[in-house]
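Quick notes on the structure that follows.
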Amino acid sequence: VDTEAGSVISSMPMRCLSQSDYTVELVHGVLDPSISPLPPTIGGRHTLIVTTPSVYSLYGLGLETLAKSRDADITIHVMPSGEVNKTIDTVLSVCRAASEAKLARRDLFVAFGGGVCSDVVTLAASMVRKGLPYVCVPTTVIAQVDAGIGVKGAVNLGAKKNYLGCYRPPERVLVDQSLLRTLPEDEVRWGISEIAKICLLRDAELFELLVDNGPALIATGFDHPFDVGEKIISRSIELMLDELEPNCYEDQSLRRLVDLGHTFSPAIEELSGYSISHGAAVAIDIALTCAIGVQLGLLDQSSCMQILEAFDVLRLPTSSHLCTVESMTRAMESTCAHRAGALNLVVPTTIGCATFVEEFNAIAPSTLETALEFLALRTVRGAQKLSV
Ligand SMILES: NC(=O)c1ccc[n+]([C@@H]2O[C@H](COP(=O)([O-])OP(=O)(O)OC[C@H]3O[C@@H](n4cnc5c(N)ncnc54)[C@H](O)[C@@H]3O)[C@@H](O)[C@H]2O)c1
């Protein structure tokens with residue numbers, strides 16, 4: 001008997017490999033029956049298209065017309081929107097709708113909406129009959145460059161942001177920039193925050209392009225200048241997929257550059273009772289991280305100011321009264337639990353590059369305090385600078 005293995009007599013290894021490929025495609029006319037790539041994607045499969053009320057009021061007719069153009073059984077289900085409804089109850093309501101629509105093995109879900117919709121559908125698709133395929137048609141900036149193009153889906157458990165979730169790749173992602181035209185200005189802005197994140201990690205030139213064109217893109221829902229908007233979305237997707245691909249299931253490492261802006265932000269969202277949106281919380285987190293980076297000597301003061309001033313131009317918040325030394329220390333503790341004991345705070349070292357601070361203890365309360373005071377003071381001094 002192997003003493004290490006206790007009473008085990010023999011062990012039989014089993015390999016459980018699972019791999020799937022999918023494509024993220026930039027498309028035009030996703031609701032135009034004559035050119036839409038959605039009907040051929042659906043084929044003859046029974047399909048449950050899941051969307052949210054405001055998206056349904058804008059695009060429901062288009063979806064219904066598209067559904068009628070197919071010789072397939074397509075049901076449209078409208079789930080409640082908003083972060084407060086990103087819950088297991090909403091996932092179960094989508095599962096119930098799938099059951100009522102009689103979706104069989106190999107039938108299809110379509111998530112037609114923002115990040116909340118794609119998170120809920122990803123989880124529902126992983127649960128119904130232990131896994132059905134799903135297609136994403138992301139309709140917000142956050143969903144087009146982040147939430148709707150990866151393999152993760154998660155919902156909140158009470159105050160615990162994204163506590164319940166799964167890894168399940170979509171079958172296909174169809175990104176139609178023109179769907180962003182109807183997005184309220186602030187929702188576009190929150191998406192710009194996730195784009196700023198990927199630029200800060202990987203691409204200084206793209207960051208410049210974003211800052212120069214951000215105000216116009218926010219005002220027009222990425223309609224003007226359209227070509228620049230397309231370039232920004234497409235490059236952001238490319239960079240995001242490049243970061244995600246080697247570690248899709250987060251089983252290789254819990255050190256992920258794309259976690260920039262995602263150490264303090266879950267706590268900021270939770271503490272606000274989800275009244276501060278995801279993108280706004282990410283912007284505040286990035287600002288705080290940059291200020292900490294200066295304190296630790298990882299980021300020079302002038303690059304930090306350049307980033308914060310860019311956020312001012314884009315009207316992204318850089319501070320919140322919810323951020324105190326105590327609350328942000330608790331946020332770091334909670335993040336450590338999520339990252340198997342390590343903090344792995346992603347800190348920009350310049351625009352376009354970043355590094356990790358692995359240890360919780362590397363960030364002393366005095367460092368947090370100085371960084372928070374600096375950001376709060378900056379907000380007080382500049383009338384146009386945003387705090388939430
Ligand atoms: N799974 C992931 O990898 C991942 C990554 C990033 C973010 N997220 C999650 O994504 C969520 C945020 O996503 P979001 O910012 O898309 O928010 P959201 O899904 O709540 O959408 C914002 C609002 O815009 C409306 N809307 C959507 N598309 C519209 C359109 N084209 N025109 C008009 N209104 C429209 C929605 O109905 C909603 O009211 C958060 O819960 C975040 O945790 C997940």
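The values are calculated or read from the model by the stated rules, or taken from the named source; none is laboratory data. Source: prediction; values computed, not measured. Positions of Cβ are backbone-derived with ideal geometry, glycine not excepted, and every protein chain shown enters the neighbour counts. Protein only, heavy atoms only, side chains kept; ligands, DNA and RNA dropped before computing areas. Shrake-Rupley method; radii C 1.70, N 1.55, O 1.52, S 1.80 Å.
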- CYS248/TYR163 FRET efficiency (R0 22 Å; Cβ-Cβ; nearest 0.05): 0.60
- Task: Report the antiparallel proportion of the DSSP beta bridges in the chain as a percent, rounded to a multiple of 5.
- Result: 30
- Charge sum, other residues only, whose C-beta stays under 13 Å from SER236's C-beta, Lys/Arg counted +1 and Asp/Glu -1: -4
- Net charge near GLY62, counting Lys/Arg +1 and Asp/Glu -1 over other residues with Cβ under 15 Å of its Cβ? 0
- Message: Running a GNM on the chain with Cα contacts under 10 Å, which residue among VAL120, VAL27, VAL145 ends up with the highest mean-square fluctuation?
- Response: VAL27
- Item | Rounded if a/c under 1.5, otherwise prolate or oblate - the stretch 210-321, Cα gyration tensor axes | rounded
- Which value in nm describes the separation of the simple spin-label points at ALA72 and LEU17, placed 7 Å from the Cα toward the beta carbon? 3.0
- Would you mind telling me the share, in percent, of accessible area of the chain contributed by carbon and sulfur at probe 1.4 angstrom? 52
- Query: Based on the Cβ-Cβ distance from SER7 to ASN361, what FRET efficiency comes out when R0 is 41 Å, to the nearest 0.05?
  - Reply: 0.55
- Of the residues VAL313, VAL94, VAL24, which exhibits the maximal mean-square fluctuation in a Gaussian network model of the chain defined by a 10 Å Cα contact cut-off? VAL313
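Report the local net charge at ARG189: Lys and Arg +1, Asp and Glu -1, summed over other residues whose C-beta lies under 14 Å from its C-beta.
Net of charged neighbours comes to -3.
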- The simple spin-label model distance between LYS130 and VAL380, using points 7 Å out along Cα→Cβ, in nm, is 6.0
- Would you please name the trypsin sites (Lys or Arg not before Pro) within the stretch 33-113 that are DSSP coil residues with at most 15 other C-beta atoms within 10 Å of their C-beta? LYS102, ARG105, ARG106
- Message: Under the rule that an exposed site lies in a DSSP loop and has at most 16 other Cβ atoms within 10 Å, name the longest stretch of the chain with no chymotrypsin sites (Phe, Trp or Tyr not before Pro) of that kind, not counting the sites themselves.
- Response: 23-248
- Build a GNM of the chain with springs between Cα atoms under 10 Å: which of ILE363, ILE286, ILE232 gets the top mean-square fluctuation? ILE363
- Task: Please give the FRET efficiency for HIS321 paired with CYS353, using the beta carbon to beta carbon distance and R0 = 51 Å, rounded to the nearest 0.05.
- Result: 0.95
- Task: Let me know the shape class of the chain, please: from the alpha-carbon gyration tensor, a ≥ b ≥ c as square roots of the eigenvalues, rounded when a/c is under 1.5, otherwise prolate if a/b is greater than b/c, or oblate.
- Result: oblate
- Helices from the chain with mean Kyte-Doolittle at least 1.0 and a Cα length along the axis of 15 Å or more, per DSSP H: which? 115-127, 278-295
- Task: Roll a 1.4 Å probe over the protein chains and send me the accessible area per residue for the chain in Å².
- Result: 45
- Taking a ≥ b ≥ c as the square roots of the eigenvalues of the Cα gyration tensor of the stretch 169-227, is the shape rounded (a/c under 1.5), prolate (a/b larger than b/c) or oblate? oblate
